[in-house]
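Undergrad: Questions regarding the structure given below will be posed in turn.
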Amino acid sequence: MKSQTIGGTIGSYSPTNEDVSEHYDPEKHATTTNDRTDSEVEQIAERIETRRAQRVRVTFNSRIRFLKDCRRIAIAQGYEEPKISLQDVKDYRDRVIRDELKAGKGINNNHFFHHVVGLKSDVQCLVKILERAVEVFENPTVPLGGWLYYKDFSFDHTQVVSRYPFVRHPLGIPLAVVFLFYLFTPILFCVIMPSSNICKPSRGALGWVDALYFASTTVRTH
């Protein structure tokens, strides 16, 4: 409500709906607000999706050790919250590289064996985690405020995978199940539970072939 002088006296003036409509378009305002909100939501969703796609694939032991060592550092430095500084991360990384990675310590920390067989090394995975932490620190688009909250970082930037390559492959587990089924079917019906219908004793070694044929027929029908 605003004041207006009429005939030398001061009277009150209330704007009408027509006056308000000249300055305020609810549909335009709603469209602009929704576009801005959708844009912000899409940007957040895109950042989360990109971050999930770029997570470091590490072993369970390396992730647990990272969290425990960061906690020890935070306690030693007197930090009240679960956080460490950039210098703490760099010192930790350099110490692991010098004392363990280059010294060949740790589970499967054999470079030739690791590359040939594909087993993941806990020490190498730990170094990858620390390298990613330094990258996050040095990324200007990530507001850390000078601190690495290691629990949140571990959840957002690491993904636990199996140490063994055949388990990490999407067909690894199904192929292993089929192989074990073929392996144990002859043992079951020829040794543990001899069956004249599946593994005929009179056929000798060919009875094992009959059991394998039974296993293959069972797999095909399922």
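Undergrad: Which condition number does THR50 fail, the rest of (1) modelled with pLDDT under 90; (2) surrounded by 17 or more Cβ atoms within 10 Å (Cβ to Cβ) being met?
TA: Status for THR50: all satisfied but (2).
Undergrad: Another question about this same structure. Do we have any residue at all in the stretch 142-165 that's of a type in the set (D, E, K, R), farther than 18 Å from ARG71 by Cα and assigned to a helix (DSSP H, G or I)?
TA: Start the filter on the stretch 142-165 by keeping residues that are of a type in the set (D, E, K, R), which leaves 151-152, 156, 163.
Adding the requirement that they be farther than 18 Å from ARG71 by Cα leaves 163.
Add one more test, that the residue is assigned to a helix (DSSP H, G or I), and what stays is none.
So far as the stretch 142-165 goes, no, none of its residues is of a type in the set (D, E, K, R), farther than 18 Å from ARG71 by Cα and assigned to a helix (DSSP H, G or I).
The values are calculated or read from the model by the stated rules, or taken from the named source; none is laboratory data. Only a predicted model underlies this, so the values are computations on that prediction, with no experimental measurement involved. So basically every Cβ, Gly included, is an ideal-geometry build from the backbone, and we count neighbours across all protein chains shown.
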